[in-house]
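This report refers to the structure that appears directly beneath it.
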Amino acid sequence: MAKLQFYFDPLSEPCRSVQLFLEANKIPYEAKLTELLSAETRTEQFKKINPVQTIPAIVHGDFKMFESIAILQYLTAKFSTPDHWYPTDITKRARINEYLHWHHMNARWKGGLLVVMKYIYEPHFYKREVSEEVKKASIVALKSTLDIFEKCFLKDHKFIAGDEISIADLLAIGEFIAPDIIGVYVGKGRPKVEAWHNNIKKALGATYDKAHEALYHHMNDIKNLVPPIDY
Amino acid sequence: MSKIDFYSFFASPPCRVVHTFLEIAKIPYEYHTIDLIKVEQQSEEFRKINPHGKVPAIVHDGFLLTESIAIVQYLAQKFKTEDHWYPSDSKKRAKIDEYLCWHHSNCRQGTGVLFFHVAIATNVRKQPRNEDVIKERKAKLTDVLNFFENYFLKDSKFINSDDISIADIAAIIEFQQIKYIGIDIGKTRPNVKAWRDRVIARLGPTFDTIHEPLGKMTEPMQITEDFE
């Protein structure tokens, strides 16, 4: 099998989810750092890798694809990883698919990234005006998403799918942990979410820390930009 | 295997995706209307069946499932439908999954929200036209259709595939919705036009039947929205 080329930025939530999976399963890959803040996805060269110019993207021999969730689904099949990551049992798989499809417009777009965008990236990196009202609305949206996440998906389980970690957990934690670097920790006041986060850290060990190194390093870069946030 | 209990409403595109697949794959089901206009999805009675309070939802042998795409993926596998709907080959399936992921924050965002502002907010709720949002959604729709024309349909007759799949059903349902506000997605894009006509022909009379109530709802509005 050809070696996998993985185009990613460790500051990107969906990229971290795929990186966690590759590392946890010891899948060999060639790391192709593609920095979002330096607009490296906008080059003509990257357009040949992925015409929609998003990361993560993979090249595997003559096969190319994008979309983190689809990439994870492909990797579980292609590298025959342990079943719990994405079970072959149709009903168990459906339960995970249910989370994966809810994830896009909820955890991804009304989750941790929204808060970081409104408080840090839009005002300071993209130089856009963001009113206090819009900033506070991002916190409200995150809380509402977390309410649904706990009630409909996490429930009383150790992990989203039950007793074992799956790709759903890698995607969810990627999004929900993002605002930790500006002092918004989703486990605050939510013991089930905190316990779930700890279960993930325990299951992944050093792999979890390694995949989050760049994120927490970035925290130092932006600490002077972070206003006090009531969370 | 027992039949599917299917909770749905005609005006919801994700419901129509599941409905189309149930029909085309000839999966036995019972249709239960959950009227979104009357907010029946929030009723205590429905929440006992589905605590998520959303449609579409299915219950199959006691197994509750929400999210339209997860539902059609389950149906394709559980009822062993023809392979082209959701191929078992890992690379072919990956390209269908790639579209199904991209769909949520792209296709749906260029169609559903646009339809809502033009048809529902303005015509039904009699609110003033929000030109900024409408302009922004039309720009999104332009980007989406350009990706269809130049990527998803560039080298294939269907989305990332030589045969119809659940990706095509998900997409066509969204694009058909905006036909009812006078938008012709194939007007300036030959790949898109050919794909649309091919998919609708393949889905046959089922497609027209499923869209009848939406047609009846929008016909009196007589909307012809500008779009190239």
**OP:** Would you list, by chain and number, the lysines whose Cα falls below 26 Å from the Cα of B:K38, excluding same-chain residues fewer than 8 positions away?
**Re:** A:K151, B:K48, B:K54, B:K126, B:K179, B:K216
Original post:
Which of A:K135/A:K158; A:K26/B:K80; A:K92/A:K202; A:K48/B:K80 have a Cα-Cα distance over 25 Å?
Top reply: A:K135/A:K158; A:K26/B:K80; A:K48/B:K80
Subject >> CD proxy at 222 nm, helix term only [per DSSP H run n ≥ 4: -39500 (n - 2.57); per residue of chain B; nearest 500] >> reply: -15500 deg cm²/dmol
Subject >> Normalised convex hull volume, segment A:98-231, alpha-carbon set, Å³ per residue >> reply: 102
Subject >> Cβ crowding within 10 Å averaged over residues, with B:42-51, B:188-197 ranked highest first >> reply: B:188-197, B:42-51
Original post:
Ignoring ligands, DNA and RNA, what accessible area per residue does the protein assembly as shown give at 1.4 Å, in Å²?
Top reply: 44
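Classify the protein assembly as shown: rounded, prolate or oblate, from the alpha-carbon gyration tensor (a ≥ b ≥ c, eigenvalue square roots; a/c under 1.5 rounded; otherwise prolate if a/b is larger than b/c)?
rounded
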Original post:
Each label point is 7 Å from the Cα along the Cα-to-Cβ direction; what then is the distance between the points at B:K193 and B:V113, in nm?
Top reply: 2.9
**OP:** Output the antiparallel fraction of DSSP beta bridges having both residues in chain B, as a percent to the nearest 5.
**Re:** 60
Original post:
If you bin every alpha carbon distance in segment B:1-111 into 10 Å steps from zero, what whole percent lands in each bin?
Top reply: 13, 44, 33, 9, 0
Original post:
Gaussian network model of chain A, Cα springs within a sub-10 Å range: biggest mean-square fluctuation belongs to which of A:K151, A:K118, A:K143?
Top reply: A:K151
Original post:
Mean projection of the alpha-carbon convex hull of chain B over all orientations, in nm²?
Top reply: 12.5
**OP:** Would you mind getting the Kirkwood hydrodynamic radius of segment A:1-138 from its Cα pairs, rounded to one decimal in Å?
**Re:** 16.7
Original post:
Which value at 222 nm does chain A reach when only helices count, each DSSP H run of 4 or more adding -39,500 (n - 2.57), with the total divided by all residues and rounded to the nearest 500 deg cm²/dmol?
Top reply: -14000 deg cm²/dmol
Original post:
Could you give me the ³J(HN,Hα) list for segment B:117-132, computed from phi with Karplus coefficients 6.51, -1.76, 1.60 and θ = phi - 60°, whole Hz, x at Gly and Pro?
Top reply: 5, 7, 8, 8, 4, 7, 7, 8, 8, 6, 8, x, 4, 8, 5, 5
Original post:
Can you give the % of DSSP beta bridges in chain A that are antiparallel, to the nearest 5?
Top reply: 65
Original post:
When the Kirkwood hydrodynamic radius is evaluated over all pairs of different C-alpha atoms of chain A, what value in angstrom, to one decimal, is obtained?
Top reply: 18.3
Original post:
In percent, how large is the relative contact order of segment B:158-228, given Cα pairs closer than 8 Å and 6 or more residues apart?
Top reply: 38
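The values are calculated or read from the model by the stated rules, or taken from the named source; none is laboratory data. Here the structure is a predicted model, which is why all the values come from computation and not from measurement. Quick reminder, even Gly has a Cβ in these numbers, built from the backbone with ideal geometry, and neighbours come from all protein chains shown. Ligands, DNA and RNA are excluded from the accessible area calculation, which covers all protein heavy atoms including side chains. Shrake-Rupley method; radii C 1.70, N 1.55, O 1.52, S 1.80 Å.
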